[in-house]
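Novice: Sending over a structure as structure tokens; questions will come in a sec.
The values are calculated or read from the model by the stated rules, or taken from the named source; none is laboratory data. Keep in mind that this is a model prediction, so the values were computed, not measured. Cβ: placed from backbone, ideal geometry, glycine included. Neighbour counts: every protein chain shown. All accessible areas refer to the heavy atoms of the entire protein, side chains included, with ligands and DNA or RNA removed. Shrake-Rupley method; radii C 1.70, N 1.55, O 1.52, S 1.80 Å.
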Amino acid sequence: MKLIPMMAGALLAAFSCTLSLSVSAQRLKLTTGNLDVLEGQTEINTEFTYENLKVGKFDQEDEYIRQKTEEYNKKEAGRGDTWAKAWKDDRAARYEPKFIELFNDNGDLKAGHQPNAKYTLIFKTSFIEPGFNVGVWRKNASMNGEVWIVETAHPGKPLAKIAVDKAQGRIFGGFDFDTGVRIAEAYADAGKALGKFISKK
């Protein structure tokens, strides 16, 4: 008889998890212009910016970096400085390659360093939630941003803008104890969704 309440509890937990994921699922929205200019294109130059970036509860990224650096250095000399360098280095080493890889796997355009491409996709990250994983308790990373589609020769004049809301960073099995791994998966999520979104348009 005890199996019934246990099974009911497990089903409820599974349902709650599914509901949570669906509620927090990434959303993409074309907010300006249209994507017709990309018709017939086979490649698109890709750039990333991190201006005016908010991190977690911090309105300024520099403030977040300063606090985390101090916290880690108090625990172990030099650890915070190492972390701060990795925080910035992970952009080019982890986040951007993940985005490009999943974009290319799920769309018709080849993204990446394509300086001769007629159009450029500029991914402007505006918010990062680093999340955490302490084994018994965890929170997924997430990321918001805006995509500009521009002529490569005129990067300041967007032909189209796409809002990216709540790209999720999570690893199956929960083995994402490293902040960079979690955030990289949020960029992978965004790349995958954008690749499909642009191809369908």
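Novice: Straight-line reach from K29: which aspartates and glutamates have a Cα under 13 Å away, not including same-chain ones fewer than 8 places off?
Specialist: Output for K29: E146, D165.
Novice: Kindly flag which residue pairs out of K110/K196; K68/K88; K98/K118; K118/K200; K166/K192; K88/K161 have an alpha-carbon separation exceeding 18 Å in this structure.
Specialist: K98/K118; K118/K200; K88/K161
Novice: Are there GluC sites (Glu not before Pro) in the range 34-97 that DSSP puts in a loop and that have at most 15 other Cβ atoms within 10 Å, and which ones?
Specialist: Qualifying residues, ordered by number: E39, E51, E76.
Novice: Sticking with this one: Using a 1.4 Å probe over the heavy atoms of the protein chains, calculate the carbon and sulfur portion of the accessible area of the range 28-199 as a whole percent.
Specialist: 49 percent
Novice: What ranking, highest mean first, results for peptides 28-38, 180-190, 90-100 when packing means the other Cβ atoms within 10 Å averaged over each residue?
Specialist: Those peptides, ordered most packed to least, come out 180-190, 90-100, 28-38.
Novice: Separate question: Residues of the range 28-199: accessible area per residue at 1.4 Å, in Å²?
Specialist: Per residue, the range 28-199 has an accessible area of 53 Å².
Novice: How big is the charge dipole of the range 28-199 about its Cα centre, in debye rounded to the nearest 20, if each Lys and Arg gets +1 on its Cβ and each Asp and Glu gets -1 on its Cβ?
Specialist: Values: 25 positive and 27 negative charges, 79 e Å.
I would put it at about 380 debye.
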